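Visitor: Sharing a structure below in structure tokens format, with a few things to ask.
The values are calculated or read from the model by the stated rules, or taken from the named source; none is laboratory data. Keep in mind that this is a model prediction, so the values were computed, not measured. All Cβ positions, even for glycine, are placed from backbone atoms using ideal geometry, and neighbour counts span all protein chains on display.
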Amino acid sequence: MTQSASAIRRRGLSLEYKVPLLITFLLAAMLALSVGLAYNEVRKSTLLAANERIQRIANQLAELAQASATAQQETMREVAADADVHALLANADSATITDAAETLAGLRSSMDTILPIEVWRTPTGDVAYALPPFDGQTGARSAEPAVLPDSGGYGPIHEIDGRTFYWSAAPIKEGDETVGYIAQLRRIGTTAGADEIEDLVGPRAAIYFLNATDGPWTSLEGEVIDAPATGVGAGPVDYTGGDGTRYTGYAAPIAGTPWLLLVELPLDAVLAPVSVFLQRLAMALFALILIGAAGAWLLSRGFIRPLKDLSFAAGAIAGGDYSRRVRVARGDEIGELGEAFNRMSAQVEEAHSDLQHQFMESQELADELEHANDQMQVVMADMEVAREDAEKASRAKSDFLATISHEIRTPINAIIGYTDLLLMELQGPLTADQKDHLERVRASGRHLVRLIDEVLDLARIESGQVQIDFQRGSSADAITNALSLLQPQAAEKSLTVEFEGADDGEIPYQGDPKRVEQIIVNMLANAVKFTDTGGRVTITRNLHRGTESSNASDPPTLFITVEDTGIGIPADKHEEIFEPFVQAETGYTRGHGGAGLGLAISRKFARIMGGDLTVQSAEGRGSTFTLRLPAAPS
Ligand code: ADP
């Protein structure tokens, strides 16, 4: 009881909570997974769209920049073809310089009034003329050769004192031969265009100019900034700024120049709408989970409540309340379960009441039995008293018999003794008649002594006082002794007495030799007594396993038979003759003497020793008596 209760407790959380928790968990996991996937997709496509947009803008701006560069180059080439410039190159005197300076001044823009515009001579490369404020600066070029586009066009962006510049150059041709260049140092970037471009690309976008090879990054306004990435080529780029902000951008090459135009956008700006989407989705998800959890709880309550009721009812029945039923208010499988449970409880209740009834009946029966038992105890106690009384009486009888037999035997022995003395004729000779009478007296005396011995034996056996001395005895000795005792009587009647198999060796038995001999003497005496003159008495002995049939597992048994050709015994007397004082034929037996005790005593002794004495006989055709005794190991 306690064990099962603790087992129930150990089961933990009720299904009523477990099921909705599980459903909620699964729902949350599923939704989280799908949100994760959706977020990923949205993020990817947003990034893709942003990159495409940036690329488009970068390409457009690069085209604009290219157009302006082409226009500028055009102007320079026109100036390079001017006769004034050629004249200056041919002969630089004050007149040609004045004319050329006027022409060259046309190249000046408001942004770079102080930057050099020079006329170079080839192949020496020295400066033929430089526009003010670099007047008369003939000789060395202002620019490093590395940044000069010798074939005309644009040089790479380079930095001077925190500002970025580039050289623009146009060849001066004399026929097909290049005789010199017009070279102008220019600043990159305009503040004028910056606002418009910002309108175009959005407030968080930034635009930079940079060399296709490498070098400083320049903002639209012409400021140099620390390059956040190196080795940037044309195409999409990703990098992390100095403050850790991540950027995505696109670098478009500006045709006709060695420059790139890069448009960048901070990643967080690109992904801002995705974050908003994620937040909204998360809120929707949370609401969904709440609704799902509530639904799951209601559903599980609908299932678990009836099961709980069933469980309580089953508990009540287990506790002995057999009248307990559950309420069935639904038609589905759970309702069916409830109905089945109620039917089952009704059967249990009925079976229990039957059992109780039977129990009461058996209780009554047990009471009656106990009563009977008590009565039996009383009877048994009475019987015990009676048995003790009987035993006492039997002992008294035996004592009496022993005493009496002693008292009788003493005078008879005296009679026999004196008769013997007389027959020895010590007191004088006797006549034949006297002798005959004395011999009859002696025979009667002996008969009486034997009778008394037999009565005494019987009394002892019946009162359980007989002493049996179990030992290993010789069957041949027992038979030979008995034969020698009976030989004279047999000879008197001219009977043939044979001991068959006398030389077969020893077959020992387990028993009291004195009693065994007494039994054989009795068997032989009867055979001699009830066989007419000239008859035959045969003794045999055999060893068999078992009592009747030969069975290897039975103990070995010795069989001694005495067969005669005498008068036989009628079939209806076969058992009776083993009763004390019974003789088969009263009239005839009287003629043979005896009290009918020999067989009774013999059988009792045989049985006490674990054997038996039996007879096979037919009237007028002789008798066979068989003594059975447990054989001793030879
Ligand atoms: P008894 O002293 O009379 O011989 P037993 O008990 O020895 O007493 O025998 C009982 C009776 O059984 C005998 O009186 C006789 O009628 C019968 N009986 C015993 N042995 C034989 C036998 N070998 N042949 C015929 N009858 C016998």
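Visitor: Please work out if VAL466 is within 16 Å of the ligand (Cβ to nearest atom) and among the β-branched types (Val, Ile, Thr).
Guide: no
Visitor: If only one of ALA252, ALA284, ALA227, ALA272 is touching a helix residue (DSSP H, G or I) at 6+ places or on another chain (Cβ under 6 Å) and either farther than 30 Å from ALA38 by Cα or without any contact (Cβ under 8 Å) to a residue 24 or more places away in the chain (or both), which one is it?
Guide: The match here is ALA252.
Visitor: Within the range 422-473, take every residue that is surrounded by 14 or more Cβ atoms within 10 Å (Cβ to Cβ) and among the polar types (S, T, N, Q) and give me the one that is modelled with the lowest pLDDT.
Guide: Taking the candidates together, the pick is SER463.
Visitor: Failed condition for SER405, given (1) modelled with pLDDT of 90 or more; (2) of a type in the set (Gly, Ala, Ser); (3) surrounded by 13 or more Cβ atoms within 10 Å (Cβ to Cβ), with all others met?
Guide: (1)
Visitor: Just to be sure I understand the filter: pairs with C-beta atoms under 9 Å, separated by 6 or more residues or on different chains, first member in the range 49-62 and more than 10 Å from LEU262 (Cα to Cα), second member among the β-branched types (Val, Ile, Thr) and assigned to a helix (DSSP H, G or I). Which pairs pass?
Guide: ALA49/VAL270; ALA50/VAL270; ASN51/VAL270; ARG53/VAL201
Results for (1) more than 60 Å from the chain's Cα centre (by Cα); (2) among the acidic types (Asp, Glu), shown as yes or no for each residue.
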residue	(1), (2)
ARG43	no, no
LEU48	no, no
GLU52	yes, yes
GLN55	yes, no
ASN59	yes, no
THR70	yes, no
VAL85	yes, no
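The rows are residues; the columns are (1) over 30 Å from LYS44 (Cβ atoms); (2) aliphatic (A, V, I, L, M); (3) part of a loop (DSSP other than H, G, I, E, B).
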position: TYR250; (1), (2), (3): no, no, no
position: VAL263; (1), (2), (3): no, yes, no
position: LEU298; (1), (2), (3): yes, yes, no
position: ILE334; (1), (2), (3): yes, yes, no
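Visitor: Spot the failing condition for ALA606; the list is (1) modelled with pLDDT under 90; (2) more than 8 Å from the ligand (Cβ to nearest atom); (3) buried (at least 16 other Cβ atoms within 10 Å of the Cβ), and only one is missed.
Guide: Only one criterion in (1) modelled with pLDDT under 90; (2) more than 8 Å from the ligand (Cβ to nearest atom); (3) buried (at least 16 other Cβ atoms within 10 Å of the Cβ) is unmet by ALA606, namely (1).
Visitor: Taking the range 592-603, which residues are without any contact (Cβ under 8 Å) to a residue 60 or more places away in the chain and more than 7 Å from the ligand (Cβ to nearest atom)?
Guide: ARG603
Visitor: Which condition does GLN427 not pass, out of (1) free of Cβ contacts under 8 Å to residues at least 40 places away in the same chain; (2) polar (S, T, N, Q); (3) within 27 Å of ALA595 (Cα to Cα), if it passes all the others?
Guide: So GLN427 meets the others, but not (3).
Visitor: Of everything in the range 477-523, what is polar (S, T, N, Q) and within 16 Å of the ligand (Cβ to nearest atom)? Give them in sequence order.
Guide: First, pick out the residues of the range 477-523 that are polar (S, T, N, Q): 480-481, 484, 487, 489, 494, 496, 510, 518, 522.
If the condition is that a residue be polar (S, T, N, Q) and within 16 Å of the ligand (Cβ to nearest atom), then GLN489, THR496, GLN518, ASN522 are the ones that fit.
Visitor: Looking only at the range 206-243, count how many residues are assigned to a loop (DSSP other than H, G, I, E, B), closer than 10 Å to LEU260 by Cβ and small (Gly, Ala, Ser).
Guide: Selection size over the range 206-243: 3.
Visitor: Here's a follow-up. With the requirement that a residue be over 18 Å from GLU500 (Cα atoms) and more than 8 Å from the ligand (Cβ to nearest atom), what does the range 524-544 give you?
Guide: ASP532, THR533, GLY534, listed by residue number.
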